[in-house]
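Engineer: Got a structure here, written out as structure tokens. Questions coming.
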Amino acid sequence: MRSFSNSQARYDGVSRFLHWLMAIGFGVMLVTILTRRFADETPLSDALWPWHRLIGFTLFLLWWIRVIWAWKMREESPAAISTFALWGHRVLYVFMLAVPCMALFRQYGSGRAFNYFGIPITQASEQKVEWMVALGNNWHGNLGIVLFIAIFAHIFLAYWHKRNPATDVMGRM
Ligand code: HEM
Ligand code: HEM
């Protein structure tokens, strides 16, 4: 039943698994970004930074599985507690896709090869596609930072709602 009055309703196991797996992934992404920003050209950053692309691409792949699953489960999943929460989650989904897409445009446009655990995603090429590089340069990092701010707001709100048993959604996820 899709109603918040049914507050015992939980997301199904697959949705919960994907939510927490991706949450860990975004946590690791944040670590790669922070070390690159604040400890660049240290052994730690050199070791972690290659994982930025690989985990970022994994999150991009998981996004599709998550969205297809969420669509399939749309009748069974508990309803958002407010229009704000509903749109907040939608915004998170949009940014979770847009951010890696901007990086992948740039990767393709730069003519540099990108291998995902041995699977070629973009091939080396002499030709650069300037608009794709510009799109990535302008938007990937900036939208990524906006995404992390939105994630922090999401986490804050999840804990904030815990104060009131009527809006405590933590157990659902
Ligand atoms: C959901 C996935 C991703 C998130 C949330 C994310 C987030 C970010 C953020 C916030 C920055 C800016 C760091 C700073 O300003 O210091 C950044 C930089 C970067 N990312 Fe990602 N990223 C993701 C996926 C990817 C993927 C898939 C690739 C490559 C295929 C990639 C390549 C890069 C590169 C090369 C930089 C450094 C240049 C720049 O700042 O734009 N990222 N990423
Ligand atoms: C400590 C970290 C996190 C906590 C405590 C948390 C908590 C929650 C809770 C309680 C819900 C259920 C909300 C409801 O039923 O209305 C939820 C849903 C959701 N969360 Fe998180 N979350 C965390 C991290 C993240 C991250 C990193 C993302 C990625 C952007 C994210 C994206 C979402 C989305 C899109 C939903 C909507 C349900 C879905 O389609 O999966 N969360 N979260």
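Engineer: Please work out which one of (1) surrounded by 15 or more Cβ atoms within 10 Å (Cβ to Cβ); (2) within 16 Å of ligand 2 (Cβ to nearest atom) is the condition TRP139 fails and give its number.
Structural biologist: Evaluating TRP139 over (1) surrounded by 15 or more Cβ atoms within 10 Å (Cβ to Cβ); (2) within 16 Å of ligand 2 (Cβ to nearest atom) leaves (2) as the failure.
Engineer: Does SER125 qualify as being of a type in the set (Ser, Thr, Tyr), more than 15 Å from LEU59 (Cβ to Cβ) and in contact (Cβ under 8 Å) with a residue 24 or more places away in the chain?
Structural biologist: So SER125 fails the test.
Engineer: Also, quick follow-up: For a quick check of your reading of the model, give me the residue pairs whose first member lies in the range 17-44 and is within 14 Å of ILE149 (Cα to Cα), whose second is away from ligand 2 (no atom under 14 Å from the Cβ) and part of a helix (DSSP H, G or I), with beta-carbon atoms closer than 7 Å and at least 6 apart or on different chains.
Structural biologist: Partner pairs satisfying both residue conditions: MET29/HIS52.
Engineer: In this structure, does ARG163 turn out to be farther than 28 Å from ARG90 by Cβ and out of contact with any Phe, Trp or Tyr (no Cβ under 9 Å at 6 or more places or on another chain)? Spell out how you get there, then give the answer.
Structural biologist: Numbers: farther than 28 Å from ARG90 by Cβ: no; out of contact with any Phe, Trp or Tyr (no Cβ under 9 Å at 6 or more places or on another chain): yes.
Spelling it out, it is not the case that ARG163 is farther than 28 Å from ARG90 by Cβ and out of contact with any Phe, Trp or Tyr (no Cβ under 9 Å at 6 or more places or on another chain).
Engineer: Name every residue in the range 1-37 that is at pLDDT below 95 and either within 12 Å of ligand 1 (Cβ to nearest atom) or of a type in the set (A, V, I, L, M) (or both), in order of residue number.
Structural biologist: MET1, ALA9 - these are the residues of the range 1-37 that are at pLDDT below 95 and either within 12 Å of ligand 1 (Cβ to nearest atom) or of a type in the set (A, V, I, L, M) (or both).
Engineer: Filtering the range 94-130 down to residues that are part of a helix (DSSP H, G or I) and either open to solvent by 60 Å² or more (accessible area, probe 1.4 Å) or of a type in the set (Val, Ile, Thr) (or both), which residue is nearest to LEU157 (Cα to Cα)?
Structural biologist: Step one: filter the range 94-130 for residues part of a helix (DSSP H, G or I), giving 94-110, 130.
Adding the requirement that they be either open to solvent by 60 Å² or more (accessible area, probe 1.4 Å) or of a type in the set (Val, Ile, Thr) (or both) leaves 94, 99, 105-106, 108, 130.
Numbers: VAL94: 19, VAL99: 22, PHE105: 33, ARG106: 33, TYR108: 37, GLU130: 40 Å.
Among them, the one singled out is VAL94.
Engineer: Please enumerate the residues belonging to the range 46-64 that are loosely packed, with under 13 Cβ neighbours inside 10 Å and within 16 Å of ligand 2 (Cβ to nearest atom).
Structural biologist: LEU61, TRP64, listed by residue number.
The values are calculated or read from the model by the stated rules, or taken from the named source; none is laboratory data. Please read these numbers as outputs of a predicted model, since none were measured by experiment. Please note: Cβ atoms are built from the backbone with ideal geometry, for glycine as well, and neighbour counts cover all protein chains shown. We work out accessible area using only protein heavy atoms, side chains counted, and drop any ligands, DNA or RNA first. Shrake-Rupley method; radii C 1.70, N 1.55, O 1.52, S 1.80 Å.
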